[in-house]
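Below is one structure, written out as structure tokens; the observations come after it.
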Amino acid sequence: MRLNNRNKIGFFNFLSTLLVMISLFGIVGFLLERFQYNYLGFSSILFLLIPLVFITIFYLRGRQIFEYDSDGEALNFKNRNVLPYLSTPISDEFPKYKLQNYEILNGFIFKRLYINIASKKNHTITLRYDISYLSKKELNDLKFSLSKVIKNNKERENS
């Protein structure tokens with residue numbers, strides 16, 4: 001099964017650009033209010049705080065683009081930002097039989113996918129992916145596919 005939200009790249013670029021523009025207008029508005037007009041007084045700080053809160057929420061939610069592929073004998077995960085200079089992309093590929101379990105952490109602002117895989121020497125490695133920008137349907141499809149792989153692994157172990 002393949003899952004990705006690459007079709008939303010244009011929307012995320014637009015949203016990122018809009019947030020930068022709002023921030024610039026906020027800075028200009030703050031400077032004009034502070035040094036030229038002085039109508040609002042101390043409330044002029046809101047010109048800086050409101051855009052800063054929106055930008056912080058947008059980037060705290062994590063990487064926007066998530067790709068998952070379970071076709072074949074391997075699982076492929078890719079997670080990257082729309083703006084490539086903000087963070088390094090994550091790309092992992094491992095055999096299906098190494099998948100032990102997964103957990104989806106649903107925070108107030110963000111969602112994270114934690115994957116536990118078996119490594120050599122019987123250690124467990126935890127991989128983390130940002131899935132905040134997946135739709136409800138995409139999230140359910142991801143859960144179904146990962147549960148199916150884990151179920152197949154347990155059946156293979158028991159037989």
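Here is a check on your reading of the model: is I57 open to solvent by 80 Å² or more (accessible area, probe 1.4 Å), touching a residue at least 24 places away in the same chain (Cβ under 8 Å) and over 29 Å from M1 (Cβ atoms)? Spelling it out, it is not the case that I57 is open to solvent by 80 Å² or more (accessible area, probe 1.4 Å), touching a residue at least 24 places away in the same chain (Cβ under 8 Å) and over 29 Å from M1 (Cβ atoms).
So that you can scan it fast, the table gives a plain yes or no per residue for (1) in contact (Cβ under 8 Å) with a residue 40 or more places away in the chain; (2) in a loop (DSSP other than H, G, I, E, B); (3) open to solvent by less than 60 Å² (accessible area, probe 1.4 Å):
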position: F11; (1), (2), (3): no, no, no
position: T17; (1), (2), (3): no, no, no
position: M21; (1), (2), (3): no, no, no
position: L31; (1), (2), (3): no, no, no
position: R34; (1), (2), (3): no, no, no
position: Y39; (1), (2), (3): no, yes, no
position: F47; (1), (2), (3): no, no, no
position: E67; (1), (2), (3): yes, no, yes
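For every residue, the table says whether it meets (1) out of contact with any helix residue (DSSP H, G or I) (no Cβ under 9 Å at 6 or more places or on another chain); (2) over 18 Å from E73 (Cβ atoms).
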| position | (1), (2) |
| --- | --- |
| L105 | yes, yes |
| L113 | no, yes |
| N116 | yes, yes |
| N140 | yes, yes |
| V149 | no, no |
| N152 | no, no |
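Residues in the stretch 58-94 that are under 20 Å from N116 (Cβ atoms) and aliphatic (A, V, I, L, M): 3 in all.
Within the stretch 143-150, is there a residue that is β-branched (V, I, T), part of a helix (DSSP H, G or I) and either open to solvent by less than 40 Å² (accessible area, probe 1.4 Å) or touching a residue at least 24 places away in the same chain (Cβ under 8 Å) (or both)?
Checked the stretch 143-150: at least one residue is β-branched (V, I, T), part of a helix (DSSP H, G or I) and either open to solvent by less than 40 Å² (accessible area, probe 1.4 Å) or touching a residue at least 24 places away in the same chain (Cβ under 8 Å) (or both).
The values are calculated or read from the model by the stated rules, or taken from the named source; none is laboratory data. What you see is a predicted model; the values in this text were computed from it and never measured. We place every Cβ from the backbone using ideal geometry, glycine too, and count neighbours over all the protein chains shown. For the accessible areas, the whole protein counts, side chains as well, though only heavy atoms, and no ligand, DNA or RNA atoms are used. Shrake-Rupley method; radii C 1.70, N 1.55, O 1.52, S 1.80 Å.
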